[in-house]
Amino acid sequence: MCELLGMSANVPTDIRFSFAALARRGGETGPHADGWGITFYEGRGCRSFHDPEPSARSELAKLLRRYPIKSRIVVAHVRKANRGRVSLENTHPFSRELWGRRWTFAHNGQLKGVKRLPLGRFEPIGTTDSEHAFCWILSQLQERFPKPPRAATLEAAIAGYALRLSELGVFNMLLTDSRVLYAHCGKRLCYLTRRAPFGTATLIDEDWRVDFAQETTETDIVTVIATRALTRDETWTELERGDTLVLTDGAVRVLKGTARRRSQSEPEMRGAA
């Protein structure tokens, strides 16, 4: 299975500390050696880096560990291939445009029969079940909402589509439209929020310790999401299966999966196995 890393913050923030741990899991402290990628948002634009090489040995990953790109939203992924060959086009995160916004998506898990789901104008470039699921979500959103809906309506729709994809297998997801970061737990996902008073943190996968009191201001709020805890001396909150996090400027809200069942007015998942 793959591993995910996401960040939402109220100020541009350096992700190198957390990314260092994720990168080690890409072929060194973990088996996720089939490619990696990361996307940094700057306003409505973003920078994305992908490499089919193991992140633990990637020269590009080493460059990013030295290059402090600061961002308010970050999505990253290290891959253990199970659907689709090891190739650049199959590395996450994937991105597409919808409503004039750049959407980015990364997935951990397997979805049996997802490629039977019909798509609209969004088509996969690679061969993964993950990218097909992403294109399906965007196709559903575009068909249902010709224009961007209200925030609460969009949140409910995304949480509902995530629950429906979870019916096909394991669906752990990170998704953003440059404004909000959504995280869905299909099996395993955890998060922590750093805010004043800040303390120190030590990585599990590497001998690196940071005193965040020296790196932040009293008003900073930073939430980090990961498949597994990245630090050994901080308290990580495990999400319950079916829950969706909505993160805005580092602040976290949880949409409970049991409260997001499909209503009779929502379309069926056509073509599902």
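Miscellaneous remarks
- Surface calculation, 1.4 Å probe, protein heavy atoms: residue 67 sits at approximately 110 Å² accessible.
- Gap separating the Cα centres of segment 155-186 and segment 1-67, nearest whole Å: 21 Å
- For residue 50, net neighbour charge (Lys/Arg +1, Asp/Glu -1) across residues whose Cβ lies under 13 Å away: -3
- Over the Cα atoms of segment 64-105, the radius of gyration divided by the Kirkwood radius equals 1.04; this is the Rg/Rh ratio.
- Taken along the Cα-to-beta-carbon direction at a fixed 7 Å, the label points for residue 187 and residue 65 span 2.7 nm.
- Note on segment 1-155: percent of Cα-Cα distances in each 10 Å bin, starting at 0 and stopping at the bin with the largest distance, equals 11, 38, 35, 15, 1.
- Rounded, prolate or oblate (a/c below 1.5 giving rounded, otherwise prolate when a/b exceeds b/c) for segment 82-139 by Cα gyration tensor: oblate
- C-alpha center-to-center spacing [segment 96-134, segment 202-236] in angstrom: 31 Å
- Peptide packing for 230-236, 126-132, 47-53 was compared via the average number of neighbouring C-beta atoms within 10 Å per residue; ordered from the highest value, the list is 126-132, 47-53, 230-236.
- Taken along its principal axes, the alpha carbon cloud of segment 160-265 reaches lengths of 52, 28, 21 Å, longest axis first.
- Each listed q (0.09 Å⁻¹) maps to a log10 I(q)/I(0) for the chain from the Debye sum over equal C-alpha point scatterers, namely -0.37.
- Computed over the chain: relative contact order in percent, which uses C-alpha pairs under 8 Å that are six or more apart: 22 percent
- Charge tally in the Cβ shell below 11 Å around residue 122, where Lys, Arg are +1 and Asp, Glu are -1, residue 122 excluded: -2
- Accessible carbon and sulfur surface of segment 74-177 relative to its total accessible area, %, 1.4 Å: 51 percent
- Pairwise FRET efficiency - residue 42 versus residue 254, Cβ, R0 = 25 Å, nearest 0.05: 0.35
- Å² per residue, accessible surface of the chain at 1.4 Å: 44 Å²
- Between 185, 46, 135, the GNM of the chain built on Cα springs shorter than 10 angstrom shows 46 fluctuating the most.
- List 207, 243, ordered by accessible area with a 1.4 Å probe, largest first: 207, 243
The values are calculated or read from the model by the stated rules, or taken from the named source; none is laboratory data. Note that the coordinates shown come from a computational prediction; the quantities given were computed from them, not determined experimentally. Positions of Cβ are backbone-derived with ideal geometry, glycine not excepted, and every protein chain shown enters the neighbour counts. In case anyone asks, the SASA skips ligands and DNA or RNA and just uses the protein heavy atoms, side chains included. Shrake-Rupley method; radii C 1.70, N 1.55, O 1.52, S 1.80 Å.
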